[in-house]
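A short write-up of the structure that comes next.
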Amino acid sequence: MTSLSPGRRSIRLAGYDYSSAGAYFVTICAFHRAMLFGEICGAKMIPSILGAIIEATWGDLPNRLPSVALDAFAVMPNHLHGIVVLHREKRAETSSAPTTEKPSVTLARVVRTFKSIARLQVKQQIGRALPLWQRGYFEHIVRSGKALRAIQRYIWENPARWEFDRENPQAMLPSILTAEPWEV
């Protein structure tokens, strides 16, 4: 891991181009992992006002970043999971130049855009700025269809597993989840 600043290291895959077309699984945590986005009742996520804003902002990302598509997504009480799919856009450099494929966004730009817009939406709708996000985010490059299906299932079933979720401060036996389901 590369050192960024004292006490902080990058978890990104060294040398990997995060503007590469493909699917990425991301987890973004609330500031201090506070239970801001809702609660789990009967294995179902009931979003708070903030949670509803987060859901709407996430869903609007492809309108703001046209080379981005979204797959499975879940807001949890103190974090969210989502699959971001980056596409390459075909663009002509000039009218006489051939069409080339260029990366339109990076994964970091997608996450930065999402966090920024969500914060602004909360400020507009709640009437005050709140610290929403923990610094950084977790990402996993989705490398196969099998991994994609496992991650989708993990996301969709996440509310039902809240009592065991490592992000749940009252989790029961969180240490039993040593490997991620898509890595087994």
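Taken residue by residue, region 131-147 has no member that is under 22 Å from residue 56 (Cα atoms) and part of a helix (DSSP H, G or I).
Being part of a strand (DSSP E or B), crowded, with 19+ Cβ neighbours inside 10 Å and in contact (Cβ under 8 Å) with a residue 40 or more places away in the chain is a property that residue 83 has. For region 56-70, which positions are surrounded by fewer than 17 Cβ atoms within 10 Å (Cβ to Cβ) and farther than 25 Å from residue 129 by Cα? Matches in region 56-70: 66, 69, 70. Count of region 28-55 residues, restricted to those that are in a helix (DSSP H, G or I) and surrounded by 14 or more Cβ atoms within 10 Å (Cβ to Cβ), is 7.
Throughout, read-outs are computed from the coordinates displayed, never taken from laboratory work. Just so it is clear, the model here is predicted, and its values are computed rather than measured. Backbone-built Cβ (ideal geometry, glycine too); neighbour counts: all protein chains shown.
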